[in-house]
1. Determine if region 400-410 includes at least one residue that is assigned to a loop (DSSP other than H, G, I, E, B), over 25 Å from the mean Cα position of the chain (by Cα) and among the charged types (D, E, K, R).
2. Are any residues in region 222-233 of a type outside the set (A, V, I, L, M), assigned to a loop (DSSP other than H, G, I, E, B) and in contact with a helix residue (DSSP H, G or I) (Cβ under 8 Å, 6 or more places away or on another chain), and if so, which ones?
3. Conditions first: (1) within 19 Å of the chain's Cα centre (by Cα); (2) surrounded by 15 or more Cβ atoms within 10 Å (Cβ to Cβ). VAL90 passes all but one, so which condition is the exception?
4. Exactly one of these conditions fails for ASP75: (1) touching a residue at least 12 places away in the same chain (Cβ under 8 Å); (2) closer than 25 Å to GLU119 by Cβ; (3) over 22 Å from the mean Cα position of the chain (by Cα); (4) surrounded by fewer than 17 Cβ atoms within 10 Å (Cβ to Cβ). Give me its number.
5. Give LEU29, LEU22, LEU51, LEU59 a once-over and let me know the one that is of a type outside the set (D, E, K, R), modelled with pLDDT of 95 or more and within 18 Å of the chain's Cα centre (by Cα).
6. Of the residues that make up region 268-291, is at least one out of contact with any Phe, Trp or Tyr (no Cβ under 9 Å at 6 or more places or on another chain), polar (S, T, N, Q), surrounded by fewer than 19 Cβ atoms within 10 Å (Cβ to Cβ) and farther than 30 Å from MET389 by Cβ?
7. Check region 29-49 and report whether any residue there is surrounded by 16 or more Cβ atoms within 10 Å (Cβ to Cβ), among the aliphatic types (A, V, I, L, M) and assigned to a loop (DSSP other than H, G, I, E, B).
8. So, of the residues in region 152-200 that are assigned to a loop (DSSP other than H, G, I, E, B), among the polar types (S, T, N, Q) and over 20 Å from the mean Cα position of the chain (by Cα), which turns out to be surrounded by the most Cβ atoms within 10 Å (Cβ to Cβ)?
Amino acid sequence: MGEKVVSDGFDLSDRHRYRQKLRQCLDALKVLLDERRFERPRNLMGLEIELNLADSEGLPRMMNTEVLRRIGSEDFQTELGQFNLEVNIVPHRLSGAVFDQLAEELRTGLGYADRQAREEGAEIVMIGILPTLTDEDLVSANLTDVDRYTLLNDQIMASRGEEVVLDISGVERLARTSPSIAPEMACTSVQLHLQVTPERFADVWNASQVVSAVQIAMGANSPFLFGRELWRESRIPLFLQATDTRPAELAAQGVRPRTWFGERWISSAYDLFEENFRYFPSLLPICDDEDPQSVLRDGGTPGLAELVLHNGTVYRWNRPVYAVSGGVPHLRVENRVLPAGPTVTDVLANTALYYGLVRSLADEPRPVWSRLPFAAAAANFEAASKHGMEAELSWPRPGRPGSLHTVPVVRLVQEELLPMAAAGLEAWGVERADRERYLGVIEERCRHRVNGATWQAAAYHRAVEAGLDREKALAAVTRRYCELSRTGEPVHSWPAGP
């Protein structure tokens with residue numbers, strides 16, 4: 001989806017040809033998998049962070065084009081909304097002091113970008129959902145003026161055939177409609193990539209699904225939307241509803257949404273690509289000239305452009321990625337569950353927890369997913385999104401094969417998962433000081449019961465109790481959040497605000 005997409009519209013023949021090309025891509029992928037043509041293990045990880053632009057009052061600034069022009073770096077790119085940017089970090093090997101290295105790169109890059117943004121009267125904010133966003137901000141006129149965003153909006157709305165419905169019940173209830181996918185602009189996330197071999201892919205993806213609930217519970221940072229306090233990670237239902245191509249009748253029939261946790265554990269990467277082909281009609285049926293079978297016969301590596309494009313319009317929380325680098329194909333798991341922020345240290349603590357847990361769980365001789373029903377993992381994901389650090393999760397009972405128990409997520413992390421994450425990072429070759437520094441942040445969050453979402457919610461309620469109305473309280477929380485995030489200190493150490 002990062003490529004420039006230009007189209008004057010699609011007709012029936014476009015969709016028919018695209019489906020045929022997708023089938024050819026799947027067949028070619030199966031050949032590549034069967035013949036083991038993929039790159040060997042390199043233990044590479046990647047990181048992308050979506051960002052907000054706000055003014056000194058904490059209000060969104062619709063000026064990503066101007067800010068990007070000032071930044072002048074290909075590491076920073078547009079995102080869906082005019083108040084959004086994205087920064088991409090080059091892949092790193094998971095070893096040594098990798099998280100300290102990433103911290104230095106991020107602080108340098110984000111600091112430079114923030115200085116350039118301030119020249120335009122804006123500042124960069126890492127947060128899951130900017131609390132000051134209003135209905136007037138999340139409209140189609142504020143979509144970034146890039147062909148692919150306009151086309152994607154048009155295709156989702158045409159497929160849906162009616163307005164987007166937002167209906168989220170949490171601490172409060174939000175009910176809205178939108179004539180476009182513009183509410184999706186509110187969601188700013190962190191995407192973690194892990195390059196894996198085909199033989200390891202299923203274990204890593206299954207492990208990623210298992211730990212998604214824990215990631216959300218520990219890292220939640222999106223409690224507000226349109227002035228309402230909703231879920232601790234309100235990005236999750238918002239993104240699902242804003243990208244939903246189903247009218248109410250199809251949803252009632254059980255048709256799968258394009259933002260999807262999934263419905264089963266897998267045994268191969270092919271399972272996910274094949275499900276995406278089988279379950280989801282194309283949104284952008286744009287065909288490439290490549291004949292993947294001819295490329296294979298000639299000993300080359302096909303780009304599988306249609307498969308890559310289609311895969312980019314199915315929003316799994318853990319997405320399979322096929323890519324070619326230096327003429328050699330590779331597979332990645334893209335973990336998409338985390339919100340941005342609050343600080344670089346917090347982002348890297350979340351990152352360390354993910355990579356450590358995934359390694360330990362994928363290495364287990366009797367993995368968690370063989371003892372945890374998939375439906376329980378999906379329920380855990382929803383519970384963590386709703387309740388954050390107060391969530392209780394279903395988990396295999398230690399020493400009791402086949403038995404599940406319900407355990408507070410904080411206790412689960414403290415007693416069982418942090419040691420596993422540390423062992424996983426050690427298996428990657430991450431230095432002891434590095435893993436202790438960032439996993440220590442997670443431990444302190446558990447001890448203080450504070451993450452970005454709990455800090456925001458507590459600060460908001462203090463502001464209201466001090467006499468501020470809802471709008472002014474949210475603006476005060478946002479300003480204080482920005483002030484404290486600039487210190488670089490992790491959120492569990494922040495003083496109560498606003």
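1. Looking through region 400-410, at least one residue is assigned to a loop (DSSP other than H, G, I, E, B), over 25 Å from the mean Cα position of the chain (by Cα) and among the charged types (D, E, K, R).
2. To start, the set of residues in region 222-233 that are of a type outside the set (A, V, I, L, M) comprises 222-224, 226-229, 231-233.
Subsequent filtering for residues that are assigned to a loop (DSSP other than H, G, I, E, B) retains 223, 226-227, 231-232.
Passing the criteria: PRO223, GLY227, TRP231, ARG232.
3. Exception for VAL90: condition (2).
4. Exception for ASP75: condition (3).
5. So the residue among LEU29, LEU22, LEU51, LEU59 that is of a type outside the set (D, E, K, R), modelled with pLDDT of 95 or more and within 18 Å of the chain's Cα centre (by Cα) is LEU51.
6. no
7. The answer is no; no qualifying residue exists.
8. If we take residues in region 152-200 being assigned to a loop (DSSP other than H, G, I, E, B), among the polar types (S, T, N, Q) and over 20 Å from the mean Cα position of the chain (by Cα), then SER180 is surrounded by the most Cβ atoms within 10 Å (Cβ to Cβ).
The values are calculated or read from the model by the stated rules, or taken from the named source; none is laboratory data. As the structure is a prediction and not an experimental result, all values here were calculated from the model. Cβ atoms come from the backbone with ideal geometry, glycine included; neighbour counts cover every protein chain shown.
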